[in-house]
Structure formats: C-alpha cells, structure tokens
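Participant: Quick one: the structure is below, and I'll ask about it shortly.
Only the coordinates and a few stated rules stand behind these numbers; no lab work does. Note that the structure is predicted; figures quoted are calculated from it, not measured.
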Amino acid sequence: MLETSKKFTWTGIGAILLGLLIYVLFSFWQFVNTPILSPGKPALEFVYTKGTSSYKLSRHLAKQGIISNSYYFYILGHLNGNMRFLQAGQYEVTPGMKPGDILARMVRGEVNMQTFTIVEGWTFQQMLKALQSNTYVTHTISNLSDDAIMQAIGYPGDRPEGRFAPDTYLFHTGIKDVVLLHMAFELMEKRVQEAWDKRDLSIPFHCTYDALIAASIIEKETALAKERPVIAGVLVRRLAKNMPLGMDPTVFYGLFQDYSVNHKLTHEDLLKNTPYNTYMHRGLPPTPICMPGKDSIEAALHPAPGDVLYYVSKGDGSHHFSKTLEEQDNAIRKYQKK
C-alpha cells in the first residue's frame, strides 16, 4: 500500500513538471512568434551601448516595455548565438517586428542615424551652439578655445571661420563632436579645391583661402542664387580697381561674429575700425565671415562678366545693380530713402 502511494506521488510530480515544461515552452514559443507592436502603433527606440551585458540589455528592454519577458529574450539571444555579435547604437522597433528581429537588426548594425545640419551662412560660433545642443553627440570641446578646437580636430594653427561645409551629416548616436567637425572641415576642403581646379583664371585670388573669403561675403550678401555670380563680379572688379569692397556683412561680422544678433547697422557702425570693416580697409577681410554654400563658392570662382560696380537692396530680398556711382545714388534714393 505504501509503495503504491509513493508511485502515485512521483507520478503526480512528474505530471506537474511536464505540464509546467509544456507551459514554459508554449509561453516561450508565443514570446518568440508574437509581434512586439501591432499595426498602427508608434515605433519604439532604444540605445545599446558597447560593453553592456546581454542580461542588462534584456532587463533594459523589459523595463522600457519593449519586450514582455527579459528572461525569454536573454535565452533567445543565447540559443541563436546572436548575443556575441550585437553592435552598439540606437535602434528602432517597428510594428510587426518580433524579438528575434530585434536581435537580427542589432547583429547587422541597422542603427538609427542621427543628423546634424550646418546651415549656409552660419558663423563658426553659431555652428558650435547648434552642435553643443545636439543631445546625440558626445561633447568633448565645450570649454575649449577656437585654437584648441582646431588642434583637437587635427588642424592646429588654422582659423575656424568658414572652414566647415554646410550640409546635413548622418551619424550614429554617441559620435564625438570632434569627429563631426573633422568630417565637415574635410568636406569644405574638398569642395573648395575641386571648384578652384576649375576656376576662371582671370579672377584676382591668389589661393583657395582667398576664394573662400570671397564666397563667404557673397553668401551673406544675397540669398538669391541668380545674383551670386553678379555680386561676385562686383567683388572682383572692385578688388582689381583697388576700391573698398564696402560690404555691410563684413562690418557686422567684425562687430559681433554672430549673425543671430538682433542689430541693424547704423552709420556709426560703419565708422568703427575693425579688420573686417571693408569701407575703411581695402582688399578682402582677414578671414571668411561665415560658412559659404556650394553656390557661393562656384560664384566666387566664376563671376559674371560685365562692368557693374555697385548694388543696393530693393527691400524684397533682391538687389538693383548699377554701373556708375550716379546710377547707384539714384537707386539708393529710390529703394532706401523713399
């Protein structure tokens, strides 16, 4: 009788364990084969940092509500061997994806790319402010001087203004700011050199840096692409005649180095002696005054022919161009003193 009772007890325990095993296997099968997000649900994002253990990753995803069971995810990763090959970065979970799809995406390194945009016409200081506010970038130069920043990106002794190409840069979360700046510097070097190699040989610039300075002035003088070659023509003719360039954006830069400053130039401003006051000093200013775009670089190296020497804003974003001082005075009276 006692033996029969023992048999029954062990048989009952075995049945319970078998039932539990079946339940766990079925639950695991459901976890693996059920989409994380149903159609129409917004995508979820998470960041995986290099060196994070597979256990911590699983716990992190469960805590964020991305997966329902951290232990199942951990087991799944080790069953297929993917946990050894995960790549760091920011990832997106979209409707229809299953837990295994997350792991596969992480193995392939299909990370979300972040963006940083340098806007045409920004100064170096404006660019730095935007870069420092980008939360996806690892910041290493926040307290450095301009000279120290240039040394950190590998160009010691170079002046930073105008040297970074306006463009939208794609990067992985966590990239260092110096890496982004190095990329932008190299791209500007390439753009200017390629344009210089195809330049109009009659232009009065001695080197690519002169062309970059001229392009930066053109960038700030007009937002209209069709006017840039015309303004470039005015600029090179004034240089050839040893006339003062007399261009307001250079004066503004000499006073503020930042075009986001809310200030309208006055007559008194034009009399302030800075190296960038092109009413007082002949020739090009000592550095660029902003980051010029490709159109302005092309215009500087391919100025429009003609004998235009003056221009004045018409108040609608365009300019009136004049060949003589008398015509210029009439245009000023018409457009600025009406």
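Participant: Counting pairs of Cα atoms in segment 33-111, how many percent are more than 14 Å apart?
Facilitator: Percentage above 14 Å: 57.
Participant: Next question. Mean 1/r over all different Cα pairs, inverted: what Kirkwood radius does segment 225-338 give, in Å?
Facilitator: Mean inverse Cα-Cα distance, inverted, gives 15.0 Å.
Participant: Over all directions, average the projected area of the Cα convex hull of the chain and note it in nm².
Facilitator: If you wrap the Cα atoms of the chain in a convex hull and average its projections, you get 25.9 nm².
Participant: Against the 2.2 N^0.38 Å scaling, with N counting residues, where does segment 114-187 land? I'd like the Cα-based Rg ratio to two decimal places.
Facilitator: Against the empirical 2.2 N^0.38 Å value, I get 0.98 for segment 114-187.
Participant: Using all C-alpha to C-alpha distances in segment 1-141, build P(r) with 10 Å bins and read off the rounded percent in each one.
Facilitator: Calculated P(r), rounded to whole percents: 10, 29, 22, 16, 12, 6, 3, 2, 1, 0.
Participant: Would you kindly state how much longer the chain becomes between His182 and Asp258 on full extension, computed as 0.36 nm times their sequence separation minus their alpha carbon distance, in nm to one decimal?
Facilitator: Contour length minus Cα-Cα distance gives 25.2 nm.
Participant: Here is a follow-up. Working from Cα positions, state the angle (0 to 90°, nearest 10) between the long axis of helix 99-108 and the longest principal axis of the chain.
Facilitator: Tilt relative to the chain: about 50 degrees.
Participant: In addition: Any idea how far the Cα center of segment 176-195 sits from the one of segment 217-237, in Å?
Facilitator: Going from one Cα centre to the other spans 23 Å.
Participant: Using only Cα atoms, tell me the angle between helix 208-221 and the longest principal axis of the chain; keep it within 0 to 90° and round to the nearest 10.
Facilitator: 90
Participant: For segment 157-217, what is the convex hull volume of the alpha-carbon atoms per residue, in Å³?
Facilitator: Here the figure is 97 Å³ per residue.
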